[in-house]
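Note sheet for the following structure.
What follows draws every value from the coordinates through simple rules; no lab data is involved. Everything quoted here is computed from the prediction, not taken from an experiment. Note: ideal-geometry Cβ built from the backbone for every residue, glycine included; neighbour counts use all protein chains shown.
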Amino acid sequence: MNFEVRKLDGGFGREIVGLDIAGGITPDTAAALKQVWLDHGVLVFRGIGTSPDVQLELSRCFGELEPHPIEKFRLQGYPELILLTNEGGGGGPVYEFDGVATAQRIPWHTDLAFTTTPNAGALLRMVRKAETGGQTGWLDTAAAYDELDDATKDEIADLEAVYLFRPGLEEMRFNQQGGTRLSPRKDQYPDFPPVANPLVWVHPETGRKVLNVSTLNIDHIIGQRNEKGDALIRRLIDHALQPRFQYIHEWENNDMVLWDNRRTMHAALGHPVDQIRVVHRTTIKGGVAMGRVLPNAAKEEMPA
Ligand SMILES: [Fe+2]
């Protein structure tokens, strides 16, 4: 191996040190990196993400890449790179938190949790960091499952929950952080049907059990659309969000962070709207379905 693996603060995830990407990544090195990714969920590469080509070379070690379905989100000339920035007023809605107009704040979630087939992973490269704030957090939902008590593991073993696409933070049913929307609701999104996914997902490559409580998306437990079911979701989220399951990355320009989307949640902490932050992202294809689209007949499971 032409790299070293180091523990990150807090113990979750690993830093990869000494990897020479520009010199080309051999198949053996790619396979070794993929194994560390599967074992630890999050990989940090500090300071070596100096170009889109370096980011693509590294990303391809972990699977086939998925171009963004909407062309305007792609970086020009690089269909597999997504541009995430608030430059020019982009980057999603602006909310006021504690008196600060905040851009690019996204609460804890698993990407595409509102579909049956989430992506396997994604890799962010910091092109221009915000002067203040702008951290990204990751959370180990496999460890969160492991540390549930046995009675709770039994209780949730066969439960499914409904997960919804949510265009705004104010629509969240759980772990709502408040915040006042400052930007108009002008975004147009496709119509995503409600899906039912298991609360406990078995990771398709490692076989580990994972607590699936994407806080942005979870709506209710199938068959328990009531206070009892909601109390269970609140208890599971409170358990999962404990700091001991988290790693918060303080970005420097040219850092890259890769995550396994099937055993983590992540959150963007946001930054003052008058600061520009630019991130390039690649997405690693999933392909293994975890749940089912709810049939039209299942009206009782639709949100009110
Ligand atoms: Fe995300």
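Compute the Cα gyration tensor for the range 185-233, then decide on rounded, prolate or oblate, letting a ≥ b ≥ c be the square roots of its eigenvalues: rounded whenever a/c is under 1.5, prolate when a/b is larger than b/c in the other cases, and oblate in all that remain.
oblate
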List the lysines whose alpha-carbon lies under 18 Å from that of LYS209, not counting same-chain residues fewer than 8 positions away?
LYS153
Does the range 36-186 come out rounded, prolate or oblate, given a ≥ b ≥ c as the square roots of the eigenvalues of its C-alpha gyration tensor, rounded meaning a/c under 1.5 and, failing that, prolate meaning a/b above b/c?
oblate
Got a sec? How would ASP111, ASP140, ASP230, ASP149 order by Cβ neighbour count within 10 Å, fewest to most?
ASP149, ASP230, ASP111, ASP140
Set of lysines near LYS72 by C-alpha distance (under 21 Å), chain-local residues within fewer than 8 positions excluded:
LYS186, LYS285
Would you kindly give the portion of the calculated P(r) for the chain that falls above 29 Å, as a percent of all Cα pairs?
35 percent
Between ALA30, ALA143, ALA151, which gets the highest mean-square fluctuation from a Gaussian network model of the chain, Cα cutoff 10 Å?
ALA151
GNM on the chain, C-alpha springs below 10 Å: top fluctuator among THR29, THR132, THR50?
THR132
Loop-resident chymotrypsin sites (Phe, Trp or Tyr not before Pro) in the range 8-65 with no more than 15 other Cβ atoms inside 10 Å, DSSP not H/G/I/E/B, are none
Cα-Cα P(r), the range 1-53, percent of pairs per 5 Å interval:
4, 19, 29, 27, 15, 4, 0
